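The values are calculated or read from the model by the stated rules, or taken from the named source; none is laboratory data. What you see is a predicted model; the values in this text were computed from it and never measured. Please note: Cβ atoms are built from the backbone with ideal geometry, for glycine as well, and neighbour counts cover all protein chains shown. Ligands, DNA and RNA are excluded from the accessible area calculation, which covers all protein heavy atoms including side chains. Shrake-Rupley method; radii C 1.70, N 1.55, O 1.52, S 1.80 Å.
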Amino acid sequence: MDLVIRRARLRGVKGLREIAVNRGRIREIAPKVRGKGDREIDANGCLVTSSFVNPHMHADKALLGEIMRPNVSGTLPEAVEITWEFKRRYTNPDVVARAGRVIESAILHGTTAMRLFADVDTIGGLRPVHGLLAAKQAYGHLIDLQVVAFPQEGIIRNPGTEELLWQAMEAGADVAGGLPWFELSDEHARRHIDIVFEIARKHGADIHMLVDDTDDANSRSLEYLAVKTVAEKYQGRVSASHCGALARYNDVYAAKVIGMVKEAEVTICSNPHISLMIAGRLDREPVPRGITRVRELLRAGVNVASGQDDVNDPYYPFGRADQLEVALFMCHAAHLSLPHEIEMAYDLVTVNAARAMGLKDYGLEVGRRADLVVLDAPSVHEALRLQAPRRYVIRAGAVLAESQLTRQLHGTAAPYPRTAPAAPSTPREARASRQRGRRQ
């Protein structure tokens, strides 16, 4: 065997297991794997799971925060405006350098697949697409990358973008993107969705749109997206990110839309970092949490995933491309604190995200590709609570990254009395005790 992982804990399995990998695939999972591997890893009781998947990352804009002017309002419109100043002069080396730093960070944090969004519009043309395609070529041997042709300025609203989207797909983009809610009318939003489906069908591509990313309850393009998905028989091939307006709908209409999304098998990708930061920013207290109806969607059986979205760019000043951190944020934002909910949160950045990206060979099962992460914690709960280091990151059976953390506390707790003094049993004894304390 090429690789054997010893003494591993697996999700939902009692006791320790060993994992044998050969020629990039999982060949055996058993209490004891006989024989030795060319390389052996002692997990020492730590959790081993499938590696992380990030289905939503604006990598062309990554790390612009290092060189841009401040977003003084913290709002989406100003973030869009700041981005204009840069994407007019993007170059392939520039995009590869910035996106590459984020991709490398993602790998170190246990991610082996990412969906990268590239702006396509009349401001930057195809520069962002060409830049991320170059990054895909540079890093494709380390991580699975999909490039999304994303109309950041709209399609109808930004004449000329439709033709650029066709060209982006012909240049090699993997996924047809959309932003229907950004159009100026409901009619234009529906036409936007129709155009994206036309492009996707022509190229046999999946679809990923940013949908109703607004606090406005009148933004209702998710409903039409679900209808269109069913009509085009595109079930299971469409993702919709953010969907913040769904949280603002009345409960009756929200339940209807959730049912339609479930029927259409649309993945909802909720990215807690950016939604908590931007959504509701201009509201007065009490301010909503900004995310969509995550728990209701999960209860309905909708595939829900989570991504990092942004790393230090005009939209969001933080981010480490760490999907374990994303899952922890989602636990807080969506009230996922019960044991089974914590496991769900982990699914959002692993199995659910892989389903959104269409990764057919994903999963910790015999015969699947060995994309694994060894976390320095015994369980999902502890991994999230402690934000556990990723001891090993493995893709197709090869160790991509290793991490070691050494910590030492100098000193011990001060001595303390083994038995506490008895409390006074009567008022007279209590007064006497206070008087002795004053004399001392």
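For the reader, a short list of remarks on this structure follows.
- Taking the listed residues VAL266, VAL302, VAL287, the one that is among the β-branched types (Val, Ile, Thr) and loosely packed, with under 14 Cβ neighbours inside 10 Å is VAL287, with no other qualifying.
- Scope the range 155-174; condition outside any loop (DSSP other than H, G, I, E, B) and open to solvent by less than 50 Å² (accessible area, probe 1.4 Å); matching residues: THR161, LEU164, LEU165, ALA168, MET169, ALA171
- Among the candidates ARG391, ARG320, residue that is open to solvent by 20 Å² or more (accessible area, probe 1.4 Å), outside any helix (DSSP H, G or I) and within 29 Å of LEU76 (Cα to Cα): ARG320
- Positions within the range 59-76 being among the aliphatic types (A, V, I, L, M) and either under 20 Å from ILE103 (Cβ atoms) or in contact (Cβ under 8 Å) with a residue 24 or more places away in the chain (or both), in sequence order: ALA59, ALA62, LEU63, LEU64, ILE67, MET68, LEU76
- Scanning the range 24-45 for residues that are open to solvent by less than 20 Å² (accessible area, probe 1.4 Å), of a type outside the set (Val, Ile, Thr) and more than 20 Å from TYR346 (Cβ to Cβ) yields GLY24, ALA30, GLY37.
- Failed condition for ASN250, given (1) closer than 22 Å to VAL120 by Cβ; (2) of a type outside the set (Phe, Trp, Tyr); (3) open to solvent by 30 Å² or more (accessible area, probe 1.4 Å): (1)
- Out of ALA383, ALA353, sole residue that is among the hydrophobic types (A, V, I, L, M, F, W, C), modelled with pLDDT of 95 or more, assigned to a helix (DSSP H, G or I) and over 14 Å from the mean Cα position of the chain (by Cα): ALA383
- The conditions of being at pLDDT 95 or above, open to solvent by less than 20 Å² (accessible area, probe 1.4 Å), in contact with a helix residue (DSSP H, G or I) (Cβ under 7 Å, 6 or more places away or on another chain) and not in a helix (DSSP H, G or I) are not met by ILE258.
- Set side by side, the residues THR75, THR83, THR49 differ, and just one is closer than 8 Å to PRO314 by Cβ and hydroxyl-bearing (Ser, Thr, Tyr), which is THR83.
- Some residue of the range 175-195 being touching a residue at least 40 places away in the same chain (Cβ under 8 Å), outside any loop (DSSP other than H, G, I, E, B) and under 19 Å from ALA305 (Cα atoms): yes
- Residue that is outside any loop (DSSP other than H, G, I, E, B), within 30 Å of GLU66 (Cβ to Cβ) and open to solvent by 10 Å² or more (accessible area, probe 1.4 Å), where the choices are MET277, MET344, MET330: MET277
- Per the listing VAL53, VAL48, VAL102, VAL21, the residue uniquely open to solvent by less than 50 Å² (accessible area, probe 1.4 Å), under 29 Å from ILE5 (Cα atoms), more than 26 Å from the chain's Cα centre (by Cα) and not small (Gly, Ala, Ser) is VAL21.
- Taking the range 290-299 as the range and being of a type outside the set (Val, Ile, Thr) and either open to solvent by less than 60 Å² (accessible area, probe 1.4 Å) or part of a loop (DSSP other than H, G, I, E, B) (or both) as the test, the residues that pass are GLY290, ARG293, LEU297, LEU298.
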